[in-house]
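Asker: Dumping the structure here so I can ask a few things about it.
The values are calculated or read from the model by the stated rules, or taken from the named source; none is laboratory data. Bear in mind the structure is a predicted one, so any value in this text is a computation, not a measurement. So basically every Cβ, Gly included, is an ideal-geometry build from the backbone, and we count neighbours across all protein chains shown. Quick note on the areas: whole protein, heavy atoms, side chains included, nothing else; ligands and nucleic acids left out. Shrake-Rupley method; radii C 1.70, N 1.55, O 1.52, S 1.80 Å.
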Amino acid sequence: GWRLALAWLKILTSPRLLTYIWLEGSRIARKPGRQVVAASNMLQEACLQAYPDADISVITPGVEIPVEKLSKDLAWQRLGLNEEGPWLLFVANDYARKGLDALLQAMVLLPQEVQLAVVGSRKQVHHYQEKIKQLNLTSRVHLLGQLPDVTPAYQAADILIHPTLEDSYAMVVLEAMANGLPVVVSGPQYCGISRGLRDGQETLILKDPNDAKQLEELIRKVLNDQILVRRMKEKGMHFARTHTWANAAQQYETLYRQAAPQ
C-alpha cells in the first residue's frame, strides 16, 4: 500500500539507494559461471522473493568440533565465576534483537538458584545493567562482555538459550551443540538454523520469542528432564558433526566445479 509507495519514492529520489539496488541486482542476476550462495534457507527465500529468476544455492556455515573439553571447574575459573548453578548461557552482540529481554523476564520466574551468563558486545551493557537491577536479578545475571574465546562459556554452562527475534542462521546454536550443550532456540520463522532442527530431538523450539512464560517452561523442562538432556546432547552433537567447516568446504568445491568453464 502507501508504505510501499513511500519506500519506492525514497529510493527513486536517492542516487545512493538506486546505486545500491543496481549493484545488488547485477550481482545476483543469473549469469553463466556465476553461483550465488545463501547462508541459510531463510536467506535463500528472501533473495528469491526479490529476485525470482536468480540461481541461489544454500551452504550453511560450519563449526569446528572441540578436540579437548575443559572441566567445568577450569572453565568457570577462566570466566572468573563459581560453578554454583545451574547456569544458562546467552551469547549475542545485539542483546535486544537476540531476545535478552524475554530471557530476563523468564529469569524472574525461574528458581533463585538458576544463574545466567551473558556474553557479547559491551555496547548495551549499561542499559541492561539498569534493567537487571529493576528486575532484582543483579546477583543472578552476569554480564561478561566480549570474550576472546567463547569456548569456556559453552563448556561451563548447562543450557544455551537463544530466543532470537531475527537470525538468518545462528552460529551460536551450532557452536553450543558442538560443545555438547542442550539448546532452547526460537522457531524457524525467526531463526534460520531451526529449519534443520527437530523439537524435542536436537533442541527445544520456542514458538514465540516474546513469550517469557513459554521460555521459562522450556528451560524448566531441560533442567528437570535428564533423559531429554541426554537425547538433545547426542542429537545436537550429531547435527554439529554433519555441519563442520570441512563439510562446507566440500560443498563449495562442488559448486566451484559446477561454475567453472568446461
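Asker: So, with +1 on the Cβ of K and R and -1 on the Cβ of D and E, and no other charges, what is the size of the charge dipole of the chain about its Cα centre, to the nearest 20 debye?
Answerer: Values: 29 positive and 27 negative charges, 125 e Å.
I would put it at about 600 debye.
Asker: Also: On a 0 to 90 degree scale, rounded to 10, what angle separates helix 245-259 from the longest Cα axis of the chain?
Answerer: The angle comes out at about 10 degrees.
Asker: First check a/c for the range 1-86, with a ≥ b ≥ c the square roots of the eigenvalues of its C-alpha gyration tensor; if it is under 1.5, answer rounded, and if not, answer prolate when a/b is larger than b/c or oblate otherwise. Intermediate values should be presented prior to the final figure.
Answerer: Values: a/c = 3.67, a/b = 2.09, b/c = 1.75.
Because a/c hits 1.5 or more and a/b exceeds b/c, the range 1-86 counts as prolate.
Asker: So what's the angle, to the nearest 10 degrees on a 0 to 90 scale, between helix 100-109 and the longest Cα principal axis of the chain?
Answerer: 30 degrees
Asker: Put +1 on the Cβ of every Lys and Arg and -1 on every Asp and Glu Cβ in the chain; which of Leu81, Gly120, Ala39 then has its Cα farthest towards the positive end of the dipole?
Answerer: Result: Ala39.
Asker: Oh, and also: Based on Cβ point charges of +1 for Lys and Arg and -1 for Asp and Glu, what charge dipole magnitude is obtained for the range 1-144 about its Cα centre, in debye rounded to the nearest 20?
Answerer: Result for the range 1-144 is approximately 640 debye, rounded to the nearest 20.
Asker: Additional query: If Lys207, Lys72 are ordered by their accessible area, calculated over protein heavy atoms with a 1.4 Å probe, which sequence runs from highest to lowest? Intermediate results must be reported in sequence, preceding the final value.
Answerer: Details: Lys207 145, Lys72 70 Å².
Reading off the accessible areas and sorting them downward yields Lys207, Lys72.
Asker: With all protein chains present and a 1.4 Å probe, how do Glu217, Glu202 order by accessible area, largest first?
Answerer: Highest to lowest solvent-accessible surface, that is Glu217, Glu202.
Asker: Determine the per residue accessible area of the range 19-127 with all protein chains present and a 1.4 angstrom probe, expressed in square angstrom.
Answerer: In whole numbers, the range 19-127 has 57 Å² accessible per residue.
Asker: Taking the Cβ of Leu70 as the centre, find all other residues whose Cβ is under 13 Å away and add up their charges (Lys, Arg: +1; Asp, Glu: -1).
Answerer: My count for the surroundings of Leu70 gives -1.
Asker: Once you place label points 7 Å from the Cα toward the Cβ at Asp211 and His127, how far apart are they in nm?
Answerer: Once both label points are built, they end up 2.6 nm from each other.
Asker: How high is the relative contact order of the chain, in percent, counting Cα pairs under 8 Å that sit 6 or more residues apart?
Answerer: In percent, rounded to a whole number, it is 21.
Asker: Next question. Just name one of Ala153, Thr138, Met171: the one whose Cα is farthest towards the positive end of the charge dipole of the range 121-200 (beta-carbon charges, Lys/Arg +1, Asp/Glu -1).
Answerer: So the residue we want is Thr138.
Asker: Still on this structure, I have one more. Can you tell me the orientation of helix 15-28 relative to the chain, as the angle in degrees between its alpha-carbon axis and the longest Cα principal axis, to the nearest 10?
Answerer: Approximately 90 degrees, to the nearest 10.
Asker: Let me ask you something else. Give me Rg over Rh for the chain, both radii from the alpha carbons and Rh done the Kirkwood way, two decimal places.
Answerer: 1.03
Asker: Continuing with this model, one more query. Under a crude label model (7 Å from the Cα following the beta-carbon direction), how far is Thr244 from Cys47 in nanometres?
Answerer: Roughly 2.6 nm, to one decimal.
Asker: If each of Asn136 and Ile21 carries a label point 7 Å out from its Cα toward its Cβ, how far apart are those two points in nm?
Answerer: That separation, rounded to one decimal, is 5.4 nm.
Asker: How big is the charge dipole of the range 83-211 about its Cα centre, in debye rounded to the nearest 20, if each Lys and Arg gets +1 on its Cβ and each Asp and Glu gets -1 on its Cβ?
Answerer: The calculation lands at about 300 debye.
Asker: Sort the range 122-254 into rounded, prolate or oblate with this rule: let a ≥ b ≥ c be the square roots of the eigenvalues of the Cα gyration tensor; rounded if a/c is under 1.5, and if a/c is not under 1.5, prolate when a/b is larger than b/c, oblate otherwise.
Answerer: Cα axes put the range 122-254 in the prolate bin.
Asker: Mind running the shape call on the range 70-158? Use the C-alpha gyration tensor, a ≥ b ≥ c as the square roots of the eigenvalues: rounded below 1.5 for a/c, prolate if a/b tops b/c, oblate otherwise.
Answerer: Details: a/c = 1.93, a/b = 1.26, b/c = 1.53.
Oblate, since a/c reaches 1.5 and b/c is not below a/b.
Asker: Leaving ligands and nucleic acids out of the surface, order Val118, Val37 by accessible area at 1.4 Å, largest first.
Answerer: Largest to smallest exposure gives the sequence Val37, Val118.
Asker: Compute the label zone of Gln146 within the range 67-106: residues whose backbone N is under 20 Å from the point 7 Å along Cα-to-Cβ.
Answerer: Residues passing the 20 Å test: 79-80, 90-100.
Asker: Follow-up question, since we're still on this one. Take the alpha carbon atoms of the range 191-262, find their center, do the same for the range 1-66, and report the distance between the two centers in whole angstrom.
Answerer: The range 191-262 and the range 1-66 have Cα centres spaced 25 Å from each other.
Asker: Taking 0.36 nm per residue of sequence separation and subtracting the Cα-Cα distance, how much length would be gained by fully extending the chain between Val67 and Gln112, in nm to one decimal?
Answerer: Full extension of this stretch gives 12.8 nm more.
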